[in-house]
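Read the structure below first, then the notes.
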Amino acid sequence: DKMKDICLNVGQTCEDPNKLVPDDWMCKCKPPMNGSATAQPAHCTLDECAKDCTGPTCANDTCSTVGQTCEDPDISSTSTLDWTCTCPAPYTGVAIANQAICRIDECVETCATCADNACSNASQICNDPDTSKLSDWTCSCPPPAQKPAQLLGPVTPGCEVDECDLHKHTCTNHDQDCVDPNPSKAGDWQCKCRPPMNGTATAMPAECKLDECVVQTCPTCAKTTCSDKGNVGQTCEDPNKLVPDDWMCKCKPPMNGSRPATTRTPRGPRPATGPARARLRRPGWRSRTPRTA
């Protein structure tokens, strides 16, 4: 009876496994506790996630029935209702003494219902409005396109937007035209020089050039000045396509001579624009010495 009292005083039961052997009595913890000790009180533990745990504080398959994992961080007998349910990967979520609300960002993770780059492959933005729900992700167009979002797939037929509506002033401020070659692609708008100038640049003003010897429609162009009937044998050259009115007529070898388009003679206001005066030094030629008075 004395041994029995030792166990009963700590809320345990006393057992004597072999009546023929002395001092083999033991104290055993009462369910749902676990633990036993020979000839002394037992150290009782309580794993509330254990299958044989049937007490009021036990998990009782609360987690496993929804595919979650049960964990008891402290199995001491004084720690109860601290067990947790944890969501399986790639889901996230933990709850104490209850089933967890599992969340997954279907735009980021890989799963049966996830987007799996469906939006990014179409150059669109993926959004998961409620990570506690499945199959609710959407694809939306990147700014400045303003089309309705599409559930579970890319926006169709595409996120077309004329970027010149936003960037036109960048071109027109430089007397250039704005062109968007592909409205479904972002950042490809161009500034294009107006005729007769030539030049194109993406997302910035263009460097406009003009070959005044080739183009025949501008006020400063050479047109046929160098190649007219009376000027056979001369060529037109434009040394700087960025500078207007700088073309020149040049004599072909063995002739020497050139005349810029903007040259003026000192004898009058009439511009000397036109063909060069060709000079050919024949063999034996020498300059005359001016006569002295």
Using the Karplus curve 6.51 cos²θ - 1.76 cosθ + 1.60 with θ = phi - 60°, what ³J(HN,Hα) values do you get for each residue of region 172-178, in whole Hz, with x for Gly and Pro?
5, 5, 10, 6, 10, 9, 9
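Can you compute the FRET efficiency between D24 and K2 using 1/(1 + (r/R0)^6), with r the Cβ-Cβ distance and R0 = 22 Å? Round to the nearest 0.05.
Using R0 = 22 Å, I get an efficiency of 0.90.
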Give the cross-link partners of K252 among the aspartates and glutamates, using a straight C-alpha distance below 17 Å as the criterion and excluding same-chain residues fewer than 8 apart.
D228, E237, D238
Residue list for region 99-132, given a label point 7 angstrom along the Cα-to-Cβ vector of A186 and an amide N cut-off under 19 Å
107-108, 116-129
Taking the Cα atoms of region 158-249, what is the range of coordinates along each of the three principal axes, in descending order and whole Å?
61, 22, 18
For a label point 7 Å from the Cα of D16 along Cα→C-beta, name the residues of region 23-50 whose backbone N is under 18 Å from it.
23-28, 37-41
Exposure of K252 as accessible area (Å², to 10), given a probe of 1.4 Å and all protein chains
100
For region 73-166, give the percent of accessible area contributed by carbon and sulfur heavy atoms, probe 1.4 Å, rounded to a whole number.
52
Rounded accessible area per residue of the chain, 1.4 Å, Å²:
66
Two decimals, Cα atoms only, Kirkwood Rh: what is Rg/Rh over the chain?
1.60
In what sequence, highest mean first, do 9-17, 24-32 appear when ranked by Cβ atoms within 10 angstrom?
24-32, 9-17
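The values are calculated or read from the model by the stated rules, or taken from the named source; none is laboratory data. What you are looking at is a predicted structure, and each value in this text was computed from that prediction instead of being measured. Cβ coordinates were reconstructed from backbone atoms using ideal geometry, including for glycine residues, and neighbour counts include every protein chain displayed. Areas reflect the complete protein model, heavy atoms only, side chains present, ligands, DNA and RNA absent. Shrake-Rupley method; radii C 1.70, N 1.55, O 1.52, S 1.80 Å.
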